[in-house]
Amino acid sequence: LIRDHGLRPWHGLVIAAIGLTLLALLWDFPLGWPRGIRAGLPAFLVVFGILVSEPLWQRHEALQQFARLGDASYSIYLTHFFFIIALSRLWKTNPGVGALGPIGYLAIAIPLGIVMGILVHLLVERPLLAVARTHLGRRRARRSGTDAAPA
């Protein structure tokens, strides 16, 4: 679908920027619009725009790091909550850390959630996927071997 739309990669950057702008403008929109309109539509535009602009990202080594971040996104999604909750408890019980305020909390919590999710991706998810692929490969080989044998 994305390849057949006829848009150029730089169009994707414009679409993503429009999505981010709409997200910022509609997030607290006073008319009580449904969340799917306020956040869902802009989020769709951001994701679609980034996917359209992918050829631009692939040309630059520094920007290719975002692809690695995308590889770890599921681990980040599954684990960030636990690390942010732990930081929150530390924040509440340690007055020295808590003195940094909400901006300080966000400045630590967001990178912490991302970095820990990346570590889980590298140390848990990838090894488990490798084992699963090996196991599934053996099962497929055995199945095709038994299916091919005469009865």
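The values are calculated or read from the model by the stated rules, or taken from the named source; none is laboratory data. The structure presented is a predicted model; accordingly, all values stated were derived computationally and were not measured. Cβ sites come from the backbone with ideal geometry, for glycine too, and all protein chains shown count toward neighbours. With ligands, DNA and RNA removed, areas are computed over all heavy atoms of the protein, side chains included. Shrake-Rupley method; radii C 1.70, N 1.55, O 1.52, S 1.80 Å.
At a glance:
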{"item": "Theoretical FRET efficiency, 1/(1+(r/R0)^6), r = Cβ-Cβ of Arg139 and Glu54, R0 25 Å, to 0.05", "result": "0.15"}
{"item": "The chain: DSSP helices with Cα axial extent of at least 20 Å and average Kyte-Doolittle hydropathy no lower than 1.0", "result": "9-26, 101-120"}
{"item": "Length-normalised contact order of the chain in % [C-alpha pairs under 8 Å, at least 6 apart]", "result": "21 percent"}
{"item": "Residues of segment 1-131: accessible area per residue with a 1.4 Å probe, Å²", "result": "72 Å²"}
{"item": "Cβ-placed point charges (K, R +1; D, E -1), dipole of the chain about Cα centre in debye, nearest 20", "result": "560 debye"}
{"item": "Length added when fully stretched, Ile85-Leu20, from 0.36 nm per residue minus Cα-Cα", "result": "20.7 nm"}
{"item": "Once the Cα gyration tensor of segment 1-137 is diagonalised, semi-axes √(5λ) in Å", "result": "30, 26, 15"}
{"item": "Inter-probe distance in nm under a simple model that places probes 7 Å from Cα toward Cβ, at Leu100 and His5", "result": "3.8 nm"}
{"item": "Ellipticity estimate at 222 nm from DSSP helix runs (n ≥ 4, -39,500 (n - 2.57)) divided over the chain, nearest 500", "result": "-24500 deg cm²/dmol"}
{"item": "Pair Phe66, Val115: separation of 7 Å Cα→Cβ label points (nm)", "result": "2.3 nm"}
{"item": "Residue-span extension gain [Tyr74 to Trp27] - 0.36 nm each, minus C-alpha spacing", "result": "14.5 nm"}
{"item": "FRET E, pair Phe44, Leu129, Förster distance 35 Å, beta-carbon r, rounded to 0.05", "result": "0.80"}
{"item": "Sorted peptide list for 113-119, 32-38, criterion being average Cβ within 10 angstrom, highest first", "result": "113-119, 32-38"}
